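One structure is given below, encoded as structure tokens.
The values are calculated or read from the model by the stated rules, or taken from the named source; none is laboratory data. Please read these numbers as outputs of a predicted model, since none were measured by experiment. Cβ placement follows ideal geometry from the backbone for every residue including glycine, while neighbour counts extend to all protein chains displayed. Only protein heavy atoms, including side chains, enter the accessible area calculation; ligands, DNA and RNA are left aside. Shrake-Rupley method; radii C 1.70, N 1.55, O 1.52, S 1.80 Å.
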Amino acid sequence: MYVAVKGGERAIENAHRLLAHERRGDRDVPEVSLAQISNQLGLAVDRVMTEGSLYDRELAALAIKQARGDMIEAIFLLRAFRATLPRFGSSEPVDTSQMQVRRRVSSTFKDMPGGQVLGPTFDYTHRLLDPVLTGESSPDQPAMADAEPGAMPRVTDILGRDGLIEASPAEAPEKPVGDLTRDALSFPAERDLRLQNLARADEGFLLSLGYSSQRGYGRNHPFAGEIRLGEVEVEFLAEDVGFAVPLGSITLTECQMVNQFKGSDTEAPCFTRGYGLAFGQSERKVMSMALVDRTLRARELGEDIKAPAQDEEFVMSHSDNVQATGFVEHLKLPHYVDFQSELGLLRKLRKEFADANETPVALQEAAE
């Protein structure tokens, strides 16, 4: 039996002990390991790595375990750890066209070079609870086959060759890329900062905004040009040797949205782009990100800004779940002085209101 303990530090210490007890749960049940979380709750790990801005499966699994499955708390823990790490530089831009693809689908072309690769997905499941998973399960081994050599060009590149989609934003190597982890957010924001913000943004928030843009609150008529999942090599420019050296590979999910076309008196109509990229298998996140990326391009595409999803200041200022959590949850902290001052003011106003609205009859009765 646990009872409340009075006293500042002692109360906090006992709260921590109780939290650890609740985290561990029933001692007769084996404790979950980080390997189990990383392998069997992989999509949760992928989300924490993406929104925590740190690609490390073991640390993300540890954060999930420590947070008792609270995803935002786990993201907060991972970001806090990330802030302690030294920074040696920036990696070279990854080339997703060279991805070792495990999943690749498109809703725009049935047949495309390299074909459709369904990969691991819930898309074709019946969404029925599987009682087999209540105990130990031994699923069949996946079907295996030799990979067929051949290029898998992006759908947007295919459209681009015919001039049917706007050109990809030109590279500007001499222009430094913004860094939201070091510099304060300011507006108007360029697309590099917007994409950084969306990559770290809360998945549910982006999903709602992307959904709103499809329902008419923003100019968005999207097609999933391509969604691909796979491994990409990361390289770092080593100044000592003068060329980029590989650091290893990471798993990424990329989404290229093909959106409604635009045109002008001087330009022929063409499709526009929306883009999303995230760590691990994070399809819902990258699709939502691509939808919101397109709506946030309203200013540069000369569109009227009428919907919340088109307002970059609204979107970028409220997308971060760690920041939002801190602002909401600070209401749990003591506000005794503030509340007492407002309580006193309210009582004073109510007395003035009562005095001002006292009828002459009531005054006469009071005098008698």
Response to the item:
When (1) open to solvent by 50 Å² or more (accessible area, probe 1.4 Å); (2) outside any loop (DSSP other than H, G, I, E, B); (3) hydrophobic (A, V, I, L, M, F, W, C) are applied to Leu78, the one that fails is (1)
Discussion item. If I filter region 89-105 down to residues being among the small types (Gly, Ala, Ser) and under 22 Å from the mean Cα position of the chain (by Cα), which single residue comes out as farthest from Gly280 (Cα to Cα)?
Written reply: Ser90
Fill in: Checking Leu18 against (1) assigned to a helix (DSSP H, G or I); (2) of a type in the set (A, V, I, L, M); (3) open to solvent by less than 50 Å² (accessible area, probe 1.4 Å), the condition it does not meet
(3)
Item to complete: Can you tell me which residue among Arg228, Arg194, Arg215, Arg219 is farther than 28 Å from Ile72 by Cα and either over 20 Å from the mean Cα position of the chain (by Cα) or of a type outside the set (Val, Ile, Thr) (or both)?
Response: Arg219
Practice prompt. Would you check which residues across region 95-108 are assigned to a loop (DSSP other than H, G, I, E, B) and at pLDDT below 90 and list them?
Written response: Asp95
Practice prompt. Give the number of residues within region 258-301 that are touching a Lys or Arg at 6+ places or on another chain (Cβ under 8 Å), of a type in the set (A, V, I, L, M, F, W, C) and either on the phi > 0 side of the Ramachandran plot or open to solvent by 10 Å² or more (accessible area, probe 1.4 Å) (or both).
Written response: 2
Fill in: Looking only at region 289-339, and only at residues there that are in contact with a strand residue (DSSP E or B) (Cβ under 9 Å, 6 or more places away or on another chain) and among the acidic types (Asp, Glu), the one that is farthest from Gly216 (Cα to Cα)
Asp293
Response to the item:
Reported set for region 115-140 where residues are open to solvent by less than 100 Å² (accessible area, probe 1.4 Å) and either more than 12 Å from Val105 (Cα to Cα) or of a type in the set (Asp, Glu) (or both) is Asp123, Thr125, Asp130, Pro131, Val132, Gly135, Ser137
Fill in: Some residue of region 84-93 being within 25 Å of Gly204 (Cβ to Cβ), open to solvent by less than 80 Å² (accessible area, probe 1.4 Å), part of a loop (DSSP other than H, G, I, E, B) and not charged (D, E, K, R)
no
Item to complete: Could you tell me whether region 206-220 includes any residue that is exposed (fewer than 13 other Cβ atoms within 10 Å of the Cβ) and either touching a Phe, Trp or Tyr at 6+ places or on another chain (Cβ under 8 Å) or at negative phi (or both)?
Response: yes
Practice prompt. Hey, can you tell me all the residues within region 308-323 that are assigned to a helix (DSSP H, G or I) and of a type outside the set (Gly, Ala, Ser)?
Written response: Pro308, Gln310, Glu312, Glu313, Phe314, Val315, Met316, His318, Asn321, Val322, Gln323
